[in-house]
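S.K.: Here it is, the structure, as structure tokens.
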Amino acid sequence: MLIYKILRADEWAALQAQGETAGAPIDVADGYIHFSTAEQVRETAAKHFAGAEGLQLLCYEVESLGDKITWEPSRGGALFPHLYSALPLAGLLWSRPLPLGEGGAHVFPDDLA
């Protein structure tokens, strides 16, 4: 199963430079890396990254992150994947820019699965 993480440009640069990251300030504060499924990621972008430019969408295979992924309830009781370790660059399937489109919504890749 594929899961997704949205990073700001500086967070993406730090991950590339260091090979891993503790994540965004909210990840650090909560003690885990917030991920979303394909069904959740658009709402995550709209809720937490509205109007933000320079974002990067990262895609990981759940199994590549091992037993450090825990599924926990969040918005509306939906289960979200949370990573209880640093986010590694190793295992990243792909990353793509997440630009703003007309109307201010982010434009996701057509092949988001």
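Every number here is computed from the coordinates shown, using simple stated rules; none is lab data. Keep in mind the model is a prediction, meaning the values are calculated, not measured. Every residue, glycine among them, receives a Cβ derived from its backbone with ideal geometry; neighbour counts consider all protein chains shown.
S.K.: Could you identify the single residue in Arg8, Arg75 that is of a type in the set (Lys, Arg) and touching a helix residue (DSSP H, G or I) at 6+ places or on another chain (Cβ under 9 Å)?
M.R.: So the residue among Arg8, Arg75 that is of a type in the set (Lys, Arg) and touching a helix residue (DSSP H, G or I) at 6+ places or on another chain (Cβ under 9 Å) is Arg75.
S.K.: Identify the residue in segment 39-57 that is small (Gly, Ala, Ser), surrounded by fewer than 19 Cβ atoms within 10 Å (Cβ to Cβ) and out of contact with any Gly (no Cβ under 8 Å at 6 or more places or on another chain) and, among all such residues, is nearest to Gly76 (Cα to Cα).
M.R.: Filtering first and then ranking leaves Ala46.
S.K.: Looking only at segment 1-17, count how many residues are touching a residue at least 12 places away in the same chain (Cβ under 8 Å) and assigned to a helix (DSSP H, G or I).
M.R.: Total meeting the criteria: 5.
S.K.: Search segment 58-106 for residues being aliphatic (A, V, I, L, M) and loosely packed, with under 14 Cβ neighbours inside 10 Å, and hand back the single one that is farthest from the chain's Cα centre (by Cα).
M.R.: Ranking the qualifying residues of segment 58-106, first place goes to Ala105.
S.K.: Kindly evaluate Ser95 against the criterion of being in contact (Cβ under 8 Å) with a residue 24 or more places away in the chain, assigned to a strand (DSSP E or B) and not aliphatic (A, V, I, L, M).
M.R.: Here the answer is yes, as Ser95 does meet what is asked.
S.K.: Tally time: how many residues in segment 61-92 are under 23 Å from Trp12 (Cβ atoms) and assigned to a strand (DSSP E or B)?
M.R.: 9
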